[in-house]
Amino acid sequence: MSWYAGYGEADITPPIGVWLTGFAARTKPCDAIHDPLSARALVLKNGQGKCAALLTLDLIALTSQQVSQLRRLVQDWTSIPPQNLLINCSHTHSAPAVGELVASSMGIPDPAYLDVTIRKAATAVKEAWANLTPAELFFGSSECHISINRRQRMPNGRIVIGRNPEGSVDPKVNTLVARTEDGHQIVAFAYACHPVVLGENNYAVTADYVHFARGGVEEFFGSGTQALFLQGCAGNINPRERGTFDIARRLGQELAASVLQAVLRAEPVVGESVGSVIGTLKLPLLPPPSPKQLREHQRVFQKRAKTAQREGRLGWARWQREEAEWAKRVLKALREKALPTYELMNAQVLRIGDVAFASLAAEVFAEIGLTIRHQSPLPRTVPLGYTNGCIGYLPTATAYEEGGYEVEQAFKFYGRLLMHAPESEQIATEWLLRQLKRVAAAPPS
């Protein structure tokens, strides 16, 4: 066996009483733990001693500062270089608020919890690195259909978050499997779908359908198997059903069945290359509304917030206050000539043998992920979002013409003043394809 593989895991479940994030209408902290949250790591080393790691966390996302902190800790504790560490979040909307990533209406972060969580996540990587043992690598694919495009066009032409059965989805399930000589199996599987089966009225900590998918895989193969979930390009993709833990269980088990198919038909990874490229992309921002429009926006939403507060609709009131506060912040930046003109976004391509992970720090639309996979010079390419941070949504250029939440509103919930421009899709896509060609052409290492 020319590869070595190791697995590490850390429990990152918060205590009751922290605020969850992902929905703006929650009115109180979490009051129950339905299932544990975890940080899970797969570390791989080739015959030349080069290491790479996949780290997955049951969080909505990480800030750039948290990503940097994780990379520093892992570099200090292992031989894994920062550029060879890929950090992907499941994006569950029933996990704790994470800091300066989202507006205050999306939940109040707990600094003590976050500090411990980052160190626990790094510990999971260190544990996996310390557990390296000879292994063989396999890659397999299948399809799963628990998802649906959520950008629904209403009769008046407006785009809302709903159900669009004719819209694009990415049904592909990709699995990277490490089988060690002592009989253990580590299954890293990627799929694109928002973990939002449990909606804004859920106050229990949960990894959503992801919990049941991982559990189904581990239960089928037995105690010698560990599973990691990687979130794909799910920016405009929701579960086809939503509402209860029973639905989350059913959808998770359906995904697990697709993972099993992919694992059982998996074929060996070809080559021993370990290569990575990381970059910071500069995305231009849209111009702001006029001062007159901003002042009117602030007035209207302040009035709405007061009305909602009087009527006891506290979650809605917080949302409206956030809209008013956004307009106030943009006006202040305009007066001080401090309005940003671009947004920085992390990007990474990580190659393991003939498998490539192409990732962006955003809620990437499914169409972009499909383009990356289809145009990559490496047939075994896995597109990922929510990786090494998250700046908000990365829609297609076409989506800007259509409008909708992801283009017009979501950037405010990410604490941003302005939305990045339509050409961001092309900038990100071209960078990933260039780097995929680069790592594909690199000599074996």
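The values are calculated or read from the model by the stated rules, or taken from the named source; none is laboratory data. Everything quoted here is computed from the prediction, not taken from an experiment. As a convention, Cβ positions derive from the backbone with ideal geometry for all residues, glycine included, and neighbour counts pool all protein chains shown.
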>> Can you confirm whether LEU436 is closer than 18 Å to ASN84 by Cα, hydrophobic (A, V, I, L, M, F, W, C), crowded, with 17+ Cβ neighbours inside 10 Å and within 17 Å of the chain's Cα centre (by Cα)?
In response: no
>> Of all residues being surrounded by fewer than 20 Cβ atoms within 10 Å (Cβ to Cβ) and of a type in the set (A, V, I, L, M, F, W, C) in segment 302-323, which is farthest from THR387 (Cα to Cα)? Just the residue, please.
In response: ALA308
>> List the strands (runs of 3 or more DSSP E) inside segment 218-295, counting only whole elements, that have at least 2 residues being of a type in the set (Gly, Ala, Ser), in contact with a strand residue (DSSP E or B) (Cβ under 6 Å, 6 or more places away or on another chain) and modelled with pLDDT under 95.
In response: none
> Hey, ASP208 hits all of (1) surrounded by 24 or more Cβ atoms within 10 Å (Cβ to Cβ); (2) at pLDDT below 95; (3) of a type in the set (D, E, K, R) but one; which does it fall short on?
Replying inline: (2)
>> Can you name every one of the strands (runs of 3 or more DSSP E) wholly within segment 1-99 that holds 1 or more residues which are under 15 Å from the mean Cα position of the chain (by Cα), surrounded by 20 or more Cβ atoms within 10 Å (Cβ to Cβ) and at pLDDT 95 or above?
In response: 38-45, 51-57, 85-89
>> So GLY312 passes all but one of these: (1) touching a residue at least 60 places away in the same chain (Cβ under 8 Å); (2) among the small types (Gly, Ala, Ser); (3) more than 14 Å from ALA428 (Cα to Cα). Which condition number does it fail?
In response: (1)
> Would you call LEU37 in the same structural domain as GLN231 (by TED's automatic domain parsing), in contact (Cβ under 8 Å) with a residue 24 or more places away in the chain and touching a Gly at 6+ places or on another chain (Cβ under 8 Å)?
Replying inline: no
>> For segment 337-366, give me the residue count where each residue is on the phi < 0 side of the Ramachandran plot and surrounded by fewer than 21 Cβ atoms within 10 Å (Cβ to Cβ).
In response: 7
>> Residues to consider are ILE148, ILE108, ILE118; find the one that is in the same structural domain as THR56 (by TED's automatic domain parsing) and part of a strand (DSSP E or B).
In response: ILE148
